[in-house]
Amino acid sequence: MATEISVTGNKKIGTLQKEFHEKFPYLRLGIFPLSEKRKKTKTPFSSDLTIATVRKGKSSGDITITGNKLVKTLEHEFEEDFGIYAQVCYTEKDGSRYYTTGTADGLTLTACNKACEAKGCKKNVKA
């Protein structure tokens, strides 16, 4: 398993999500248009699209995802660098799906993944 995930413009959203789920099996990474940010029900981008296709940001940089990155930092980088809305999510043991909010946003991805595992959240079975 890779120690970090590189997010470049050429990467397909589905590939990124699969790599994220392999590294953090109790978390999901949702990728949405920025216009979905304030909506309760969000419609994600197609997993077949590349980051470059949906990117609205002016930065040509890349993002590196590591286990010690804070949830809120990762989400902020997607918005600032790519102009897209990313949300770290999880699925409770009863199947209810949630977005990280509040104190979970201040956790590292590794700590958030471990907290979800300890709560009995479901592992992701597919990207």
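Selection over segment 68-122 of residues that are more than 20 Å from E22 (Cβ to Cβ) and part of a loop (DSSP other than H, G, I, E, B) gives a count of 9. The set of residues in segment 78-88 being buried (at least 20 other Cβ atoms within 10 Å of the Cβ), over 10 Å from the mean Cα position of the chain (by Cα) and not hydrophobic (A, V, I, L, M, F, W, C) is empty. Taking each residue of segment 15-32 that is closer than 11 Å to E4 by Cα and looking for partners that are open to solvent by less than 20 Å² (accessible area, probe 1.4 Å) and assigned to a strand (DSSP E or B) with beta-carbon atoms closer than 8 Å, six or more apart or interchain, yields E19/I5; F20/I5; F20/L29; F20/I65; K23/I5; K23/I65.
Tell me, please, whether a residue that is aliphatic (A, V, I, L, M) and out of contact with any Gly (no Cβ under 9 Å at 6 or more places or on another chain) can be found in segment 41-53. Checked against the condition, which is being aliphatic (A, V, I, L, M) and out of contact with any Gly (no Cβ under 9 Å at 6 or more places or on another chain), segment 41-53 yields no hits at all. Of everything listed in (1) open to solvent by less than 20 Å² (accessible area, probe 1.4 Å); (2) not in a loop (DSSP other than H, G, I, E, B), the single unmet condition for G9 is (2). Does segment 18-37 include one or more residues that are part of a loop (DSSP other than H, G, I, E, B) and open to solvent by 50 Å² or more (accessible area, probe 1.4 Å)? Yes, segment 18-37 has at least one match. Scanning segment 49-67 for residues that are open to solvent by less than 10 Å² (accessible area, probe 1.4 Å), farther than 20 Å from N124 by Cα and in a strand (DSSP E or B) returns a single hit, I63. Among the residues of segment 90-103, some residue qualifies, meaning at least one is touching a Ser or Thr at 6+ places or on another chain (Cβ under 9 Å), open to solvent by less than 40 Å² (accessible area, probe 1.4 Å) and aromatic (F, W, Y). Among residues of segment 89-109 that are within 18 Å of E75 (Cα to Cα) and modelled with pLDDT of 90 or more, none has a Cβ under 7 angstrom from a residue that is surrounded by fewer than 10 Cβ atoms within 10 Å (Cβ to Cβ) and charged (D, E, K, R) at a sequence gap of 6+ or on a separate chain.
The values are calculated or read from the model by the stated rules, or taken from the named source; none is laboratory data. In this text the structure is predicted, and so the values were computed from the model without any measurement. Positions of Cβ are generated from backbone atoms using ideal geometry, with glycine treated the same way; all protein chains shown enter the neighbour counts. Each accessible area value is taken on the protein alone, full model and side chains, heavy atoms only, with ligands, DNA and RNA left out. Shrake-Rupley method; radii C 1.70, N 1.55, O 1.52, S 1.80 Å.
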